[in-house]
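This report concerns only the one structure given below.
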Amino acid sequence: PSHPHPLPSSPSTTPSSFPRVRSLSCSVSLSDISHSFFLLSPLFPLFPLYWVISMKVVCECGYTRQQHLEEATRPHTLQGKDWDPKKHVQEMPTDAFGDIVFTGLGQKGKYVRLSQDTPSSVIYHLMTQYWGLDVPNLLISVTGGAKDFNMKPRLKSIFRRGLVKVAQTTGAWIITGGSHTGVMKQVGEAVRDFTLSSSYNEGEVVTVGIATWGTVHNREGLVHPSVSSGSFPAEYIMDEEGQGHLTCLDSNHSHFILVDDGTHGRYGVEIPLRTKLEKFISEQTKEKGGVAIKIPVVCVVLEGGPGTLHTIYNAITNGTPCVVVEGSGRVADVIAQVAGLPTGEITIARIQQALSVFFREMFETLPESSVVEWTKKVSEHTGPGVGGMVCGDVDVAILQALLKASRSHDYFGHENWDHQLKLAVAWNRVDIARSEIFSDERQWKPSELHPVMMAALISNKPEFVKLFLENGVRLKEFVTWDTLLHLYQHLDPSCLFHSKLQKVLAEEPERLRSLYKRSSGHVAFTMDPVRDLLIWAIVQNRRELAEIIWAQVTGSVSQHAWLRVGQRWGSSQGGNVARKPSANSRWKRGARVFTECHRKDEERAQKLLTRVSEAWGRTTCLQLALKAEDMKFVSHGGIQAFLTKVWWGQLCVDNGLWRVILCMVAFPLLYTGLITFRCQRCRVLQATKGLLRVRAFFNAPVVIFHLNILSYFAFLCLFAYVLMVDFQPTPSWCEYLIYFWLFSLVCEELRQVALLYFSDFWNKLDIGAILLFAAGLRLLYPGRVILSLDFIMFCLRLMHIFTVSKTLGPKIIIVKRMMKDVFFFLFLLAVWVVSFGVAKQAILIHNESRVDWIFRGVIYQSYLTIFGQMPAYIDGRTGGLDQCSPNGTDPYKPKCPESDAIRHEPAFPEWLTVILLCLYLLFTNILLLNLLIAMFNYTFQQVQEHTDQIWKFQRHDLIEEYHGRPPAPPPFILLSHLHLFIKRVVLKIPAKRHKQLNQAEKNEEAALLSWEIYLKENYLQNQQYQQKQRPEQQIQDIRDK
């Protein structure tokens, strides 16, 4: 048109010569190239009809004349015809997509602008593939009042907490209108409060806002001029004061879908697309853990007006359950009030009365036809698809409504209950399963729970595993070869064991079958199948599952040791190192069961430690605990009492050490009753006057240890005497005795050689000392030097001997840890020593060619300076020719510093060397030495807290070493070696393991395991009772009720 037209007063006065503008439905194409796909969107209407509004030329579509394309402002042959959006709206690739940042608020999200008729499949693909959203287990569509309304604080808190809880626990998507008003604002604030109060690993709540592009205020900031790149990120400004009749996007939503039909300021454009998208998502199937479910949809109603009433009507018509929040106002309160009445009391008059109360002035101005329509819809909303809430939890009401809706014509009988259980497992809501599914209405067979049990294991849902076990599932019936293979094929991809096992299964699918054997036409386990399920949980570091499985098996103390092995393995593979206190307490259950056993019967508890488990590779609980380096468990009082019992052998542990040493020196005192014996043979030993008492005494590890100490001290004294007094060109009898003594030590080391021999530091030290001794034999003076160094190594071996001492043992552990600090410190010190030494030598001495004196000047003198021995000639004022050699020809004197022969003064700047010395002393004596002290102090504090545990753990190695050592000390130990050689090689008598450290009697094993199971069940029941008695749990139970 050539001139503006006035605004018509009614539709009838609208000039027919001007076309009307409406939206155009179009298809959407999606390119596979990242950040280069195009979503077609109607951008500007063509051939507009203009009106003058507030001195602006405005088209019927809502945009001003300047906002149209150039060709839209020209006369056209179609002018004068009715407005056809298919002809008068032009589609263009979307120019608004990517990341969005709310300026000043910090929240981030993703958004896209698209056509109102975009296929739902394309939108769903965009959300799951490009936005990276996980397929939901539930879709929550929140609808209601679009304008701000007031809610009671208590109701607001219930709604926010319940909505976010159901979304977070079930992995749901929340879909709203996306604007910062009304119910959308309430949902956004609920998500915000959860985000601020939750930890990082609780996950993100996905909140999708579907809004009309033409009603978004400040949407210009979302448009990017380059269509191919999108906005990364687009900065959006929330301006509620200047938004007018438009609305701002809510900053607490995580994703936005902005629907464009080419109009401006028209609400409700997104409703058809949102309906189609929700229906499409509800038809999708999600499969996880072998269980497939269709994604359920629920509509949550909060407040609302006529539009909300229409939305509820359509939802119920389509079979979507609705949850109405009573107390939120208007439509929600009307429906909740009417739904709460008995069927006979629901009348038209009663409905109209409720409408008049909650809508007031609006109801009075409504025409009669609208009142009849509202009444009809309200009466139909009181069916089984709608539920109301006054003070209950929103999350429970939502899930209960979904379960009730699932009892439709699609599922009957067992299928109906099975579908509900699958939904509960997918939502991870064991409380709903307990209250709604496992009730008196349905009795489950154990075999019917096997599929969902498999899904719970794969999805790592320990509460459901516990629930299924409580309802009759037996692990020995559930775990078969196919079950185990299926579990290993569905390992968590983040598990390190996953990639390794997949390679094995790809090459040899039958590799795992080596654990089983075929019997009577079916696969049967050769060992306990629960063991394999426990290993499956351990390799994935799933501690709660492992604890639940542990509670179902026999040999709980041994199983606990395996749990600790798995915990250590999972931590070393990058598992959850930062453990929660509750998780740590669960890992202590096995140790507490052992505590209960030890409290009831000390002797039986010690037999549990040494019981050989066939299912765990013929190992004992104690061996597994040592392998796992479970210091807390090994330092347990019961285990330490057992080790002490082994340490004293057949002697009573209350014998004083002075009595033992006295009898070692004068063994006839054994016949006087000075030493008391224990065990079943103690009466015989006490009464016997022959060799039996002597044999029992000298076979005790404590006696063997002290005999070896006396022998070792005698060896060191003899070695020192030969080095300092009797080192002759021709070996003396003392030196020959040392050779003989050392040969007995070599024989003992050879007897100890095993697979893990060289993993021990002290064994390496022994081998090094023996080899160094061999290198120094009969080399006279060089040999004496080598043997002198070897003497130091033999003396260091005393540190290992003294680890048995409760006083010295912990201190030796601290010294070993501090040695690591010393090595790091020496690296820093070497930098300063070498730098100062080279600079000093180069300034003072000119062209020193003797290497030994260069080393003295650079390293030796610089190092001694730290301890106060100042170098000569440092200032050019001290020293004389009697202390140095002018030309460096005297091999016993250093070369004199360079000097001026005419002025008889030093040629070097003495002030420079003094400054260097001061700086050197400052950094080494003050800075580095104090750093070393601080490192020592930190190490001491760190180790001191756990020194007792470390010492008790390492004490076992020493006890085990001397428990299997021959009773005679070196060099008499050669007699024991000769006796052992005759038994093993000549007579071929097999070795017998000591019963105390290895195995209980076979006939006692069944009774022992039954006793352990009884105490374990008592312990678990007491733990459950104590958990219920905790004030926190009681408050939680009251809140749940």
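The values are calculated or read from the model by the stated rules, or taken from the named source; none is laboratory data. Quick caveat: nothing in here was measured; it's all calculated off a predicted structure. Using ideal geometry, Cβ is built from the backbone for each residue, glycine included, and neighbour counts are taken over all protein chains shown. Quick note on the areas: whole protein, heavy atoms, side chains included, nothing else; ligands and nucleic acids left out. Shrake-Rupley method; radii C 1.70, N 1.55, O 1.52, S 1.80 Å.
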Checklist entry - Of the numbered conditions (1) surrounded by 13 or more Cβ atoms within 10 Å (Cβ to Cβ); (2) out of contact with any helix residue (DSSP H, G or I) (no Cβ under 8 Å at 6 or more places or on another chain), L987 satisfies every one except a single condition; which is it? => result (1)
Checklist entry - Within the range 162-188, can you find the residues that are modelled with pLDDT under 85 and touching a helix residue (DSSP H, G or I) at 6+ places or on another chain (Cβ under 6 Å)? => result G162, L163, V164, K165, V166, T170
Checklist entry - Of the residues N998, N1003, which single one is surrounded by 13 or more Cβ atoms within 10 Å (Cβ to Cβ) and at pLDDT below 85? => result N998
Checklist entry - Which members of the range 475-533 meet the condition of being at pLDDT 70 or above, under 25 Å from S447 (Cβ atoms) and open to solvent by 60 Å² or more (accessible area, probe 1.4 Å)? => result K476, E477, D482, Q489, H490
Checklist entry - Any residue at all in the range 232-239 that is aromatic (F, W, Y), surrounded by 20 or more Cβ atoms within 10 Å (Cβ to Cβ), touching an Asp or Glu at 6+ places or on another chain (Cβ under 7 Å) and modelled with pLDDT of 85 or more? => result no
Checklist entry - Can you tell which of T207, T118 is open to solvent by less than 20 Å² (accessible area, probe 1.4 Å) and assigned to a strand (DSSP E or B)? => result T207
Checklist entry - So W733 clears everything in (1) of a type outside the set (V, I, T); (2) open to solvent by 80 Å² or more (accessible area, probe 1.4 Å); (3) touching a residue at least 60 places away in the same chain (Cβ under 8 Å) except one condition, right? Which one? => result (3)
Next on the checklist: Against the conditions (1) open to solvent by 10 Å² or more (accessible area, probe 1.4 Å); (2) assigned to a loop (DSSP other than H, G, I, E, B), where does H253 fall short? Just the number, please.
Outcome noted: (1)
Item to check | Qualifying helices (runs of 4 or more DSSP H) (wholly inside the range 680-725; at least 2 residues being at pLDDT 90 or above) | outcome: 701-724
Checklist entry - Could you count how many residues in the range 131-157 are under 31 Å from the mean Cα position of the chain (by Cα) and among the aliphatic types (A, V, I, L, M)? => result 5
Next on the checklist: Checking the structure you have, find out if any residue of the range 292-303 is in contact with a Lys or Arg (Cβ under 6 Å, 6 or more places away or on another chain) and closer than 18 Å to F159 by Cβ.
Outcome noted: yes
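Show me the helices (runs of 4 or more DSSP H) entirely contained within the range 258-368 in which 1 or more residues are at pLDDT below 75.
The helices (runs of 4 or more DSSP H) meeting that bar are 306-317, 330-339, 348-359, 361-365.
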Next on the checklist: Out of the residues in the range 121-145 meeting the condition of being under 15 Å from I295 (Cα atoms) and assigned to a loop (DSSP other than H, G, I, E, B), tell me which one is most open to solvent (accessible area, probe 1.4 Å).
Outcome noted: D134
Checklist entry - Of the residues in the range 810-822, how many are in contact with a Leu (Cβ under 9 Å, 6 or more places away or on another chain) and crowded, with 16+ Cβ neighbours inside 10 Å? => result 1
